[in-house]
Structures are given as C-alpha cells and as structure tokens.
Amino acid sequence: MTMQTLLDMLMQPFVWLGELLAPVAQWLETALGGIPASFSGMDAAYENFYISMVRYACPILAALLLLRCAMPLLTFRREPEIWAWLVMPGGERVPVTHWENVIGRSKSCDVSIALSTVSRNHAVLTRYDDGSWTITDANSKDGTYVNGERVNICALQDGDVISVGGVKLKLKVITRQQEQLQSQLRTRASGPIAGFFNLLLLTVFQVLTMMGFAVHDAVENSVMVLEGFGGIILAQWLLYVFYLVIHRSSFEMETLAFFLCSLGMAAIATVAPKESLKQLIAMLVGVFVYLLVGWSLRNLERAKRVRYLAVAAGLGFLLLTLAIGTEYYGAKNWIIVGGMSLQPSELSKVCFVFAGASTMDRIMNKRNLIAFIVYSVLICGCLAIMNDFGTALIFFCSFLIIAYLRSGSMGTVALAITALGIAGILALRVAPHALNRFATWRHVWDDPFNKGYQQAQALMCIASGGLFGVGPGKGWLRKVFAADSDIVFATISEEWGLLLAMMAVLCLCAFGFFAIRTARVARSSFYSIGACTAAGVLLIQTILNVLGTVDILPFTGVTLPFVSNGGTSMVASWGLLAFVKAADTRQNASFAVKLSRKVRQK
C-alpha cells in the first residue's frame, strides 16, 4: 500500500461528508442568490449585511468564550495535597504535600531542617502510583539512614524512621479512607454543563465563520470549507462526549485549542481551501496524539519508560532529516514521502519535553543533568546543520526553562545564554541564510519589494484590517506566500480584525499562566517541568511568529501553534498541550490523573 493510497483512505470519510453537505451549499446558493456557481452573486446588500454581522459578532463570541474558558484556568484555588506526615523528634508533624519531596537544609526544600549537619539537598522522599514510598540519598555528606541502617535508596513502610544529619523523622502515611476523602474535597474543575455551553458558543462561532465564507466564495470552495469546519465541530463534540464517559468535566483547554484550530481553518479557507481536509486530518491525528501522550503520563512509571523512547525518537527524527531531507528556502528540514511533506523537527519538540522532564531523585544526580545538556547540544547542532535556526532557538529556550527548573540556578542559565551568544555569532558568519534574515530585521521598508516583501505586506494588511477586519475571504494578503503559515497572524488580523487575532494570542498565554500556577501543586517534578516546558514552547513559538510578522523580532518562519497550516506542527501542538493537561490536579479535570473508586462511581 502506497502512502498516497493510505492518505486517500483516511480522507474518504470526509469526502463523503462533503458530498452530504454539497446539497446544503447548493440549497443556500438557490435560496440566497439563485445564480449558479457562486454565492457572491446574491443580493449585494444582503451579503454585505451578513459579512458585517459576522465581523462584529465573531469577536464578541470569541471574547466571551475566552473569558469563560481562561478564567477557571487562571483563578483556580491552588490546594496542596497531603500524602503523609513526617513526625519530628519534638512531636511536630510536617506535611508531605507532593509525590516527590526534597529533605535538606536549603529553604527551598519541601522539608527544610535548619541544621549544619544536614546537607542543602540531603534526600528525596518519593511516593508512587501504587501508594508505596522510597527514600533516596542525594549525595549527602553524612548519608541517609532508615531504621538505623545507611541506605542509598530504600523502600519505606508506614512507621519507618528516617535519619538525616542526625535528625530522626517518622513517616506516617495517610490511610486509603483519608486519601479518598481528600480527593473528594479537592477543588473541582468546571462542570459538564459549563463545558457544554462553552462548546456551544464555539460551535456558533464556527458556523458563523463557515457561513461567512459560504456567502462569499464559489460553491466548490464552499464545500471544502464546510468539510473542514464540519470535521472540527464533529471532532470537538465527540471528544466532549468521551470526556463525559470517563468522568472528566474540565474541557477549557480543549475548547481553546479547537478555537485556535478554527481560526487556522479560516486562514486556510482564504489562502488554500483545497488543503482544508489535509489540515483536518492532521488535527484528528493531533487529538489522538494528545490522548496517547496523556495516557502515557497517567502512570508515572510508564511515563519514565516512554521517556527513554522519546529521547531516541527526538534525535532520530533529526538524523533522518539530515540523511534524506529536502531543502526549502535555505533550511533542510523537510522530508517528502509519497507526495506528503513532513517536518520531523516539530515532532522532536514533544520528544524533547519528555526527555527534559524528570523525577526529583534523578534531578539530584548531576550525571543526569550533564547527559541532558549533551542531548540538547546534539539536538541544536543537528538543527544548525539544517540551517533551521528558528527551531533551534525554540529548543534552546526550552533547554533554559528545563535547566532552571531542574537546577534552580540562574548561573547555569546565564552560562547557557553566553554560550548561545557565541554560537549565534559563529552561525551568522557561516550561514548566509540566517544572516540575510537577520539583516532584514527592522529594515523591511528599505527593500519592501524583495527581502522585506512578506513583512511589509503583512504590516499593511494588519493596518487595513483594523479592529474588526475586512471580512472572510476579502483580504489581499492571501496572495502573498505563506499567508496561512509563517504570517498567518497577519491574515487573521486582516480578515477578522486585530481584536480576534490578539484573542488567539491570549488563548496561548492562558496555557502558559496555567502551567506556572499549577507547577506549585503538581504531584511530581515530571509533571511540573513537562507542563512549564511545553507551555513555554507554545509561547516562544507564538512570540517568534507574531513579533516576527510585525518586524519587532527577526523573522524566523516558525509556525503559530494550532493556527498555522502544517500537519506536523498541528500534531506537535496537541502533543505539547497534553503535558499542560497532565499537570492539572483539580478534581475530575485531567484524564492523566486517576480517579478514586468513589469518585468514579458518582
């Protein structure tokens, strides 16, 4: 079976959907205009009225949707969960609020003991999915003891005595009944009714958007647009029903992601409507990857095993690209398979987050940090050889986030930034492609018909779109190369207005702020590092894409997550979102968090 045959099989259900929707488009054509082959021939006053309504109604719907979905993510009450107690010699009980807890002299430790005999980071107390506990010595100067015996790593039972620096701590684990009660009392996510109304708002937005194209474009293109938007609507409601079946009620992140996908479909409907089905299939694959990554994170031990596979895959994707990749516009970052173009470096982002996230006992091991630094250098080195400096910058910024979260040292970050500066200077000397892009920065109006053409046109079209845009399908920027990918922010701004374009940016910012807020109460450093890094990748891409389009930063050609036309970019965006979702510890929120038996029965 060839790749083209497989693609045709995947697209067949949506071709049938288009055939079912074609009579609807024909009926609308007859009812609204009565002129064959085009809705644009309908009464001009009616068309203008409908387009004007869409222009003003869509930003209002989007603002309401953003407010309803983002507020629960940004204002939820952060509650530490208590999993055990450490009883001090004087009888004082110290709560153990994470699955991984550092015991040491440092004030940043989860259990801080201000004695000189205790090392700054002395030991790591760990809880596992099955409720078992271990203690791991973190290369302390005087060692860690359990029931009087020195250990490096040791399983613990309720009542065992841990000795660190001469201080004896008795472990008192909460009972199953206490654990279930705590689970039931934990802050609940938004209920299914709130999710239903949010999704209903999004569906109204999508239908208005879809019909905006239908009354303007030719019938042939209208059918393709109907297929694209119809597939998104169907997918989001099916996922919502799946969440209800597995007793999960929080659907805010997914609703925002589908909203961004809808904006991306609107840009594709304007620029390349024939690619609507391809992008829809990519989104469906992305949702599958989202669920798959979430499933792998559901069990921390399974997640650690998957991590090793991801490390190999992340580097393997880039090495494969170096071996058989095709160069486009100075960067060798594409693989052509059976007429399909893939960008494996996008998938490597998900693998890189897996590689960087680690449990606390491994973080305390300097050898693991050095191994991750070497891995990061290899990744960035492969991207530099491919001349894909935009993606290399994203990986480097991700490395900085992981390095800080793992070491807590600004010195490490400062050293890495210094190394980046030196590497950047060398890259500009040996890579004319990168130098040309850097030379155009802040000088697009010096050469608006050649090197600065894309950004000059983008700036003018953003200005012409104003706050509410010129209407779907009526923009001029669609004639410019990469209007649906590299400069998609300008396309959305021109046709739908700057207000709607900025709301897309705020959606992605909401993911970042949520990851930061939930990091304090995340059960494991694996989840907190993964969520912060994944959200950081999405935000860094957004910053580079948006600010590069308007010439505030150098134009790197990176995609806008969930919005830009590109299959691998779409899949990677959903894969990264799974890490953010997995860090959500609100009751009934994340499918990556197991429910207690009593909660499941409700």
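Annotations for the structure displayed:
- Amide H contacts under 5 Å for VAL96: TRP83, ALA84, TRP85, LEU86, restricted to partners 5 or more places along the chain or on a different chain, H placed in the peptide plane at 1.01 Å from N.
- Backbone HN-Hα couplings from phi across the stretch 550-561 [Karplus 6.51/-1.76/1.60, Hz, Gly and Pro as x]: 8, 6, 7, 10, x, 7, 9, x, 7, 8, 8, x
- Peptides 400-406, 170-176 ordered by average Cβ neighbours within 10 Å, highest first: 400-406, 170-176
- For the peptides 367-373, 56-62, 456-462, the ranking by mean Cβ contacts within 10 Å, running from highest to lowest, is 456-462, 56-62, 367-373.
- Percent accessible area from carbon and sulfur atoms, the stretch 216-357, protein chains only, probe 1.4 Å: 71
- Phi-based couplings in Hz for the stretch 495-505 (Karplus 6.51, -1.76, 1.60; Gly and Pro marked x): 8, 10, x, 5, 4, 5, 5, 5, 5, 4, 5
- Rounded to the nearest Hz, the phi-derived 3J(HN,Hα) couplings of the stretch 222-239 under the Karplus curve 6.51 cos²θ - 1.76 cosθ + 1.60 (θ = phi - 60°) are 4, 4, 5, 5, 4, 4, x, 5, x, x, 5, 4, 4, 5, 5, 6, 5, 5, where x marks glycine and proline.
- Per residue, the stretch 150-267 exposes an accessible area of 38 Å² to a 1.4 Å probe, with every protein chain left in place.
- The protection proxy used here, the mean number of other Cβ atoms lying within 10 Å of each residue, ranks peptides 485-496, 104-115 as follows, highest first: 485-496, 104-115.
The values are calculated or read from the model by the stated rules, or taken from the named source; none is laboratory data. Fair warning: this is a prediction, and the values are worked out from it, not measured in the lab. As a convention, Cβ positions derive from the backbone with ideal geometry for all residues, glycine included, and neighbour counts pool all protein chains shown. For accessibility, only protein heavy atoms count, side chains too; no ligands or nucleic acids. Shrake-Rupley method; radii C 1.70, N 1.55, O 1.52, S 1.80 Å.
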